[in-house]
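Working notes, beginning with the structure itself.
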Amino acid sequence: MKKIVSLFALLSLVFVLVLSGCGSEGANKEQESGNNGAQNAGNRTDGDKKKENVTLRIATVNNPDMMVMKEMSSAFTKETGIHLEFVVLPENDLREKVTTDVAMQAGMFDIVTIGTYDASIWAKNEWIEPLAPMMDKMSDQEKSDYDVEDIFPSIRDALSYENNLYALPFYGESSMLYYNKEMLQKAGVEMPLHPTWDQVRDISKKVKEANNVPGLVLRGLPGWGEVLAPLNTVINSFGGSWYDMDWNAQLTSPETKKAVQFYVDVLKESGQPGATSTGFTEALTLLSTGKAAMWYDATVAAGFLNNPENSQVAGKIGYAFAPSEAKDNNGWLWAWSLGIESASKHKEEAFKFLTWATSKRYIEQVGESKGWVVAPPGTRKSTYDHPKYKEAAPFADIVLQSMTQADYMKPTKNPVPYQGIQYVAIPEFQQLGTSVSQEIAAAIAGKKSVDEALENAQKLADEIAVSGGYKK
């Protein structure tokens, strides 16, 4: 396997359509804002400054949890004297701008929001800072208060490279099945806590007929982090994979074909119209407005669905584990996380913000001021032990088990040479996944057969294995 990815290859990827495994809500342009008189990073001088004159520039994604972080950040400035300036972007724009900045070592940002997919790749290329040296400098009290061991091991593994942590998780997620209890009751069916995909398919037909709404919503929107996020977990559950141990593509294997055909058939039988236009946000809207009976997607949606301020079905939703077939424990693993750019001139101050925004104390502050149902989920064991969170979040136990059981290192039934559950953790997967997702979307839309789509996908995957230097 290649040790270092060429700058040219990585820069070419930033212009590929790339979507992440979690849902971000749309915005049309970059939003820049600071607090307490923060200035634009381009106007900062390079000389030594007192902390109260330092401004950290933070690039983040425009989803609800990050907007809460931005709202809460004035408390950090009041406590430390460090000013903050947020650059808030839609997910695709964030990836393009931040990847270009770190690859060029331009230093436009001090802190960047990245996912589990990015962490090891960026660490390998020395784009973000290792955090162990900074943690070693913390006092015993600071180490105890932060408690890095409280972070789920699966998340720490996904944010590490060569056993060194390179980012801290702001919120994490796995995947689960949501269902409208009233609609299932009307159809006279019950959802098992640990359903199989065959059971889900049968139930989806019955609830669609009884309620005259889509029985099961699944993403169909092209993108490696859109349709491929849930579909890859279905492939894993059926015993399929992207590659075998010799990096031979497996997208035309019987197991993978069966899984993709299943996904396409379920959408045709019971899914929403125009499925290839449905991503996370569209699917969330369908279920939260009572226009669908079931949805399989990210666990982070549970808080939104159970919040009466933005959900018409709060209190009506039931929860089940990611469905199984030939393999159990099929929930995906993702975390929006904060890292420090290697080109930052304010790494010490940036580390203070990282440990503030991802701390137990921050979660407590959000819970008390914004409501415990929207406290950042999926990162810390202590959150799921907190009585107030457990009371506000009826889905907490399922999310906790899903997060702890997700095996980022061994995602498939049979051994594979890659890591990652709903993606393959190699730099080329941004381009490969996007191209394959377009083939899958064509099959969902009925423009190609599943066999034809997967034959094309197989060729693309084989070409990447060779050109990437993985297949000898």
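Summary table
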quantity	calculated
Boolean, residue 182 is on the phi < 0 side of the Ramachandran plot, over 17 Å from the mean Cα position of the chain (by Cα) and open to solvent by 50 Å² or more (accessible area, probe 1.4 Å)	yes
Test set (1) free of Cβ contacts under 8 Å to residues at least 24 places away in the same chain; (2) in a loop (DSSP other than H, G, I, E, B) - residue 420 fails condition number	(1)
Residue among 160, 175 that alone is hydroxyl-bearing (Ser, Thr, Tyr) and open to solvent by 10 Å² or more (accessible area, probe 1.4 Å)	160
Residue check for residue 342: hydroxyl-bearing (Ser, Thr, Tyr), more than 27 Å from residue 178 (Cβ to Cβ) and open to solvent by less than 60 Å² (accessible area, probe 1.4 Å)	yes
Close pairs from the range 138-151: first within 16 Å of residue 377 (Cα to Cα), partner polar (S, T, N, Q), Cβ under 9 Å, at least 6 apart	150/379; 150/382; 150/383; 151/358; 151/379
Output for the range 202-229, where each listed residue is crowded, with 21+ Cβ neighbours inside 10 Å and of a type outside the set (A, V, I, L, M, F, W, C)	204, 208, 214, 215, 219, 220, 222, 223, 225, 226
Filter result (charged (D, E, K, R) and free of Cβ contacts under 8 Å to residues at least 12 places away in the same chain) within the range 369-412	385, 390, 410
Selection status of residue 437, among the hydroxyl-bearing types (Ser, Thr, Tyr), in contact (Cβ under 8 Å) with a residue 60 or more places away in the chain and either buried (at least 19 other Cβ atoms within 10 Å of the Cβ) or within 24 Å of residue 278 (Cα to Cα) (or both)	yes
Considering residues of the range 71-92 that are in a helix (DSSP H, G or I), buried (at least 18 other Cβ atoms within 10 Å of the Cβ) and of a type outside the set (Ser, Thr, Tyr) only, the residue nearest to the chain's Cα centre (by Cα)	91
Residue ID - farthest from residue 61 (Cα to Cα), chosen from residues in the range 107-164 that are of a type in the set (Gly, Ala, Ser) and not in a helix (DSSP H, G or I)	139
Residue pairs meeting the criteria (Cβ under 6 Å; at least 6 apart or on separate chains; first on the phi > 0 side of the Ramachandran plot, in the range 67-86; second open to solvent by 30 Å² or more (accessible area, probe 1.4 Å))	81/51; 81/52
Conditions (1) in contact with a Cys (Cβ under 6 Å, 6 or more places away or on another chain); (2) open to solvent by 10 Å² or more (accessible area, probe 1.4 Å); (3) not aliphatic (A, V, I, L, M); number of the one not met by residue 334	(2)
Verdict on residue 407 being assigned to a helix (DSSP H, G or I) and open to solvent by 20 Å² or more (accessible area, probe 1.4 Å)	no
Residue that is small (Gly, Ala, Ser), at pLDDT 85 or above and open to solvent by 10 Å² or more (accessible area, probe 1.4 Å), where the choices are 9, 106, 27, 41	106
Single condition residue 263 does not satisfy, out of (1) in contact with a strand residue (DSSP E or B) (Cβ under 7 Å, 6 or more places away or on another chain); (2) more than 28 Å from residue 469 (Cα to Cα); (3) of a type in the set (Phe, Trp, Tyr)	(1)
Candidates 318, 303, 339 - the one that is small (Gly, Ala, Ser), in contact with a helix residue (DSSP H, G or I) (Cβ under 6 Å, 6 or more places away or on another chain) and either modelled with pLDDT of 95 or more or within 22 Å of residue 81 (Cα to Cα) (or both)	318
Members of the range 253-266 that are open to solvent by 10 Å² or more (accessible area, probe 1.4 Å), in a helix (DSSP H, G or I) and not acidic (Asp, Glu)	254, 257, 258, 261, 262
Hits in the range 281-327 (condition: free of Cβ contacts under 8 Å to residues at least 60 places away in the same chain and of a type outside the set (Gly, Ala, Ser))	285, 289, 308, 309, 310, 312
Residues satisfying the stated conditions in the range 154-172, i.e. touching a helix residue (DSSP H, G or I) at 6+ places or on another chain (Cβ under 8 Å) and in contact (Cβ under 8 Å) with a residue 60 or more places away in the chain	154, 155, 158, 159, 166, 167, 168, 169, 170, 171, 172
Neighbours by Cβ (under 9 Å, 6+ apart or cross-chain): first from the range 181-202, assigned to a loop (DSSP other than H, G, I, E, B); second open to solvent by 40 Å² or more (accessible area, probe 1.4 Å)	188/206; 189/202; 189/206; 191/181; 191/199; 192/199; 194/328
The listed residue being farther than 20 Å from residue 154 by Cβ and touching a Pro at 6+ places or on another chain (Cβ under 8 Å), out of 362, 319	362
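The values are calculated or read from the model by the stated rules, or taken from the named source; none is laboratory data. These figures come from a predicted structure and were not determined experimentally. Glycine also receives a Cβ, built like all others from the backbone with ideal geometry; neighbour counts cover every protein chain displayed. The accessibility values were calculated without ligands, DNA or RNA, using every heavy atom of the protein model including side chains. Shrake-Rupley method; radii C 1.70, N 1.55, O 1.52, S 1.80 Å.
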